[in-house]
1. What tally of residues in the range 162-208 results from selecting those that are more than 15 Å from the chain's Cα centre (by Cα), of a type in the set (Ser, Thr, Tyr) and closer than 12 Å to His220 by Cβ?
2. I'd like the full set of residues that are assigned to a loop (DSSP other than H, G, I, E, B), of a type outside the set (A, V, I, L, M, F, W, C) and either within 16 Å of the ligand (Cβ to nearest atom) or in contact with a helix residue (DSSP H, G or I) (Cβ under 9 Å, 6 or more places away or on another chain) (or both), limited to the range 188-209.
3. Leu85 fails exactly one of the following numbered conditions: (1) within 16 Å of the ligand (Cβ to nearest atom); (2) in a helix (DSSP H, G or I). What is the number of that condition?
4. Of the residues that sit in the range 216-231 and are in contact with a Ser or Thr (Cβ under 9 Å, 6 or more places away or on another chain) and assigned to a helix (DSSP H, G or I), which one is nearest to Ala295 (Cα to Cα)?
5. Take Thr230 and decide whether it is within 15 Å of the ligand (Cβ to nearest atom), within 18 Å of the chain's Cα centre (by Cα) and of a type in the set (S, T, N, Q).
6. So which residues in the range 250-270 are surrounded by fewer than 24 Cβ atoms within 10 Å (Cβ to Cβ) and modelled with pLDDT under 80?
7. Exactly one of these conditions fails for Val74: (1) open to solvent by 20 Å² or more (accessible area, probe 1.4 Å); (2) more than 15 Å from the ligand (Cβ to nearest atom); (3) touching a residue at least 40 places away in the same chain (Cβ under 8 Å). Give me its number.
8. Which count do you get for residues in the range 157-173 that are farther than 30 Å from Pro200 by Cβ and free of Cβ contacts under 8 Å to residues at least 24 places away in the same chain?
Amino acid sequence: MGNSLTFPVPENLRPGDRLSRMVGRWRSGGIEHYAAGARHQGAERWRSGERFIVNQERIWLDALPSVFNGLRIVQISDIHHGLFLPKEWLLEAVQQANRLNPDIIALTGDFVTYSRRNIDPAAEILGRLRARYGVFAVLGNHDFRVDADAVTQALRRRRIDVLRNRHISLGFGGSSLYLAGVDDYGYGADLRRAVRGIPPEAATILMAHNPRIIRLASRHNVSLVLSGHTHGGQFNVPLLGTIYGRSPERLRYKIGWDKLGTTQIYVSRGIGTIVLPWRLRCPAEITHLELLEGAAGVSAAAAD
Ligand SMILES: [Fe+2]
């Protein structure tokens, strides 16, 4: 990793600032531009020969025990394996993720779109993912519409730990980091159950397909939420902004890093598409997060 940039988040905005912030969000399709925002884009790394952009971010967590300082998580979201995202592309995503040599891989739902036929092939390819402490998954709304139990079983057969309203803990030297996961927001997400037993002061990462969980997560001392679902809007039309996800809440937590209270969130644009097999000014991403001990915040990690 090279240099890093910090991104100040304006908390006390004047009414005029609020309006321009709102307009800016609308035009940029939910991407918030802070003072150093232009350089934030520099965190996106694309190498010739690689299909997907890797978005590298550093996130500081107050509660992170020092033994976990530098823990790296690769997140892949909204795969939607099928006609729009064929096997070859998914295989490329897996190879890119493995090359990052992550500690944890987080798969944040929507493995398929409409068809049960795509479940086993997707799981077979995802079974090739390798991470030091494991590969974890939560289910998205499309997985529930297709067959949640079939998706769960297929992933588990490939040694991918599907976190359905439960958590696991990683322990080192007497310190623990908790990784929790909930079912999709509209299909039985039970955060209370997922975090039951986690000490309130502990560092907790929550995998949740839909970023709407942020409000609940902020009331349960979650340190960081990893989400997808929005596809970043998928189509980001100049001047108009994104077509999908126009409600205020969806505009707020649509792309990238944000926070609510002490809970931070990262919303991945994902790698797949729905409705149409295209994206506009909203490229697919594989996310590479580095967690650091310290005052809450985010910076773009320069490409290594
Ligand atoms: Fe999706």
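1. 1
2. Within the range 188-209, Gly188, His209 meet the criteria.
3. Leu85 satisfies every listed condition except (2).
4. Only one residue fits best here, namely Ser218.
5. yes
6. Arg250, Leu251, Arg252, listed by residue number.
7. The failed condition is (1).
8. 0
The values are calculated or read from the model by the stated rules, or taken from the named source; none is laboratory data. Since the model is a prediction, treat every value here as computed from it, not as a measurement. Backbone-built Cβ (ideal geometry, glycine too); neighbour counts: all protein chains shown. In case anyone asks, the SASA skips ligands and DNA or RNA and just uses the protein heavy atoms, side chains included. Shrake-Rupley method; radii C 1.70, N 1.55, O 1.52, S 1.80 Å.
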